[in-house]
Structure formats: structure tokens, C-alpha cells
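Okay, so here's the structure we're looking at.
The values are calculated or read from the model by the stated rules, or taken from the named source; none is laboratory data. For clarity, every value in this text was computed on a predicted model and none was experimentally measured. FYI the Cβ positions are ideal-geometry reconstructions off the backbone, even for glycines, and counts take in every protein chain you see.
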Amino acid sequence: MAAATQSRRGLLIILSSPSGAGKSTLAKRLMDWDPSLRFSVSATTRQPRPGEVDGEHYHFLQETQFKAMVADGAMLEHAHVFGNFYGSPMAPVAEAIEAGRDVLFDIDWQGAQQIRNSALGRHTLSIFILPPSIPELKRRLVSRGQDGPEVIAKRMLKSWDEISHWDGYDYVLVNDDLDATFEKLKTIVGAERLRREQQPGLAAHVRKLHDEFREEQE
């Protein structure tokens, strides 16, 4: 898979789903398919955990810094979660887009909506991943072996709120077969990279064709 070039603009690729629907696995496969893809590095006001590196895992900011960026419109999206602020700085994403690099976002429907309404909204591709059934969703959460029954119950309760916003996305995939779903995901990304607004050189090419046409008519 060839890396992205500046012959096109990059995409803001948003993947959302309830926990257990396969989003993380699909995102990893997508980055293996195209190594030029990178996750957006979020900003947060919480303290770094052991081993976390500023600028790599998160941009660690003071609350005053974070709020100033929000007020200046320098955050694509932001939220207040468990006493801390989280958000996606706009500048590095804008630079990536202009350089023809796609940026991957793992955010919920509220963050997706904020990005849609931002200055970079026209470059957004949003995809929601649905599970084939609720019993299968629970089975996947249990089989991961990462959470106890209480946490799984909370994730299941939250899942319906997330699923209820499925119609706010450009594409919706039912992940009943991981390989087949990934093939569809690749097809979507490939097609969206060819959208007219993602190809900055098209206007110049059409002008060239127009000039050539006029020359032919003389």
C-alpha cells in the first residue's frame, strides 16, 4: 500500500462504535494496510500516567491553556470527562490534511458532530460500526476478559445510547464478519480519498483542458 502524497488532501477519518463492536481491531488493520495513517493525538488536562510521553500519548495542558484554545477555536472537538478536559487540537490535523495525510479519530458521536461543524468538517469521513446483535456484543465483551461483570454491565447500558446516533454518520457497517467488514472499510476510504474536494489539482487541470479546447477551436 503506497503512502499518501500531496496530490490529494488528507481525510479526518472518524471511527465510532459501542465498546466490543470491533472498532479498535478495524482501526489497527486500517493502519497496517496504510502505514501513513496516524491517530490524532488528543490534548488533556489530566496528569500524565507513568510511561506516558507528552506529544506522543497526549498533549498535556494546564486547564487555562486548554480553555484558551477552546475559546480561540483551536480545538476540533472537546469534552469534560470525570473532572478533566479532553480535546483534539486543530493545527496538527490541518497540517496533516494539507500534506495529504489521513488522520484517524476514535471518538464518540458528540465529538464526531463537533468535528463535522468545525472549519475542517468538509474533509471528514465518519463511519459507525454496529454489532450484529446485542447478545453478540455482550459475548465479545465477556470473551475479551478485560472487564468484570459490573464494568461489562455499564458498557452494555452505554452501548444503546451510542448506537442510537448511528444515523449521524456518513457510513454504517454491521461487523458480522471482521474480514468482510474490513474490505468494505478499505473500499470506503479509497473512494473518499477521490472526492472532488480532496483533489486540489482538479481545478487547474480543468482550466488546462479549457485552454486546450479553445486552442482546438481556433
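Scanning segment 138-188 for residues that are small (Gly, Ala, Ser) and over 30 Å from Leu11 (Cα atoms) returns Ser143, Gly145, Gly148, Ala153.
Residues in segment 197-214: is at least one outside any loop (DSSP other than H, G, I, E, B), among the polar types (S, T, N, Q) and closer than 18 Å to Arg29 by Cα? Working first, answer last.
As a first pass, look at segment 197-214 and keep what is outside any loop (DSSP other than H, G, I, E, B): 197-198, 202-214.
With among the polar types (S, T, N, Q) added as a condition, the list becomes 198.
Pick out the ones that are also closer than 18 Å to Arg29 by Cα and you get none.
No.
Scanning segment 105-134 for residues that are under 21 Å from Leu178 (Cβ atoms) and without any contact (Cβ under 8 Å) to a residue 24 or more places away in the chain yields one hit, Ser133. Scanning segment 104-153 for residues that are part of a loop (DSSP other than H, G, I, E, B) and of a type outside the set (Asp, Glu) turns up Ile107, Asn117, Ser118, Ala119, Leu120, Pro131, Pro132, Ser133, Gly145, Gln146, Gly148.
Filter segment 116-136 down to residues that are within 17 Å of Glu197 (Cα to Cα) and touching a strand residue (DSSP E or B) at 6+ places or on another chain (Cβ under 7 Å), then give me how many there are. Reasoning before the result, please.
Filtering segment 116-136 down to residues within 17 Å of Glu197 (Cα to Cα) leaves 116-126.
When the remaining residues are screened for being touching a strand residue (DSSP E or B) at 6+ places or on another chain (Cβ under 7 Å), the result is 116, 118, 120, 123-126.
Residues flagged as within 17 Å of Glu197 (Cα to Cα) and touching a strand residue (DSSP E or B) at 6+ places or on another chain (Cβ under 7 Å) within segment 116-136 amount to 7.
Identify all residues within segment 22-50 that are in a strand (DSSP E or B) and modelled with pLDDT of 95 or more; write none if there are none. Before you say what the answer is, go through the steps one by one.
The first filter runs over segment 22-50 and keeps only residues in a strand (DSSP E or B), leaving 38-39, 43-44.
Within segment 22-50, Ala43, Thr44 qualify.
Restrict the check to segment 180-199 and report whether at least one residue is more than 24 Å from the chain's Cα centre (by Cα) and either touching a residue at least 24 places away in the same chain (Cβ under 8 Å) or more than 27 Å from Ala21 (Cβ to Cβ) (or both). Scanning segment 180-199, I find no residue that is more than 24 Å from the chain's Cα centre (by Cα) and either touching a residue at least 24 places away in the same chain (Cβ under 8 Å) or more than 27 Å from Ala21 (Cβ to Cβ) (or both), so the answer is no.
Restricting attention to segment 51-66, the residues that are out of contact with any Asp or Glu (no Cβ under 9 Å at 6 or more places or on another chain) and either aromatic (Phe, Trp, Tyr) or part of a loop (DSSP other than H, G, I, E, B) (or both) total 9.
Search segment 111-157 for residues being of a type in the set (Val, Ile, Thr) and crowded, with 16+ Cβ neighbours inside 10 Å, and hand back the single one that is nearest to Leu26 (Cα to Cα). Even if it seems obvious, please write down each step before you answer.
Here is the first cut: in segment 111-157, the residues of a type in the set (Val, Ile, Thr) are 115, 124, 127, 129, 134, 142, 151-152.
Now restrict to residues that are crowded, with 16+ Cβ neighbours inside 10 Å: 115, 124, 127, 129, 152.
Details: Ile115: 21, Thr124: 18, Ile127: 11, Ile129: 9, Ile152: 21 Å.
Once the filter is applied, the top-ranked residue is Ile129.
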